[in-house]
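The values are calculated or read from the model by the stated rules, or taken from the named source; none is laboratory data. Please read these numbers as outputs of a predicted model, since none were measured by experiment. Neighbour counts run over all protein chains shown; Cβ positions are idealised from the backbone, glycine included. Surface accessibility is based on the protein's heavy atoms, side chains included, excluding ligands, DNA and RNA. Shrake-Rupley method; radii C 1.70, N 1.55, O 1.52, S 1.80 Å.
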Amino acid sequence: MTALSETELIALGRRLGSSLRTGAVVWLEGPLGAGKTTLVQSIVAARGAERGATSPTFNLVHRHEGPGGPVFHVDCYRLRDPSEASELDWREMLEADLLLVEWPDRGGEWVPDPDLRVRLDYAADPDRRAVVVEP
């Protein structure tokens, strides 16, 4: 586990965004406000998406067009039951440049297994976030 500042978290996202293979699935886990959207914004920017990323909490899915194809950002937080995830077009999202999934546990078996898992949490210093990245 590493404690990162916001600037360091953004740099991590840029490194991940430029190094992830096409078609990768990334799980983003952690409590509300832990920095998942900040990380997604920098990953999406590194993929060259045409518009910045925002939290898709109310829409569940945001599609960001980039030169390598679409980057999908899914937020399962508002799912009341994992079966609701069956209504999402996982096939299309798996054929995309990149699939980023927040709150993957709420999507149950519908959420594809990750190529990379990023866990964020609060750190002792309120200006930093505890980050664990694991394949």
Quick check for you: with a 1.4 Å probe and neighbouring chains kept, what is the accessible area per residue of the chain, in Å²? 52 Å²
Report the normalised scattering of the chain as log10 I(q)/I(0) at q = 0.13 Å⁻¹, calculated by the Debye formula with identical scatterers on the alpha carbons. -0.48
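Using a 1.4 Å probe on the protein chains only, how many percent of the accessible area of region 70-135 belongs to carbon and sulfur?
44 percent
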In debye, nearest 20, what is the charge dipole magnitude of the chain about its Cα centre with +1 on Lys and Arg Cβ and -1 on Asp and Glu Cβ, if you could check? 340 debye
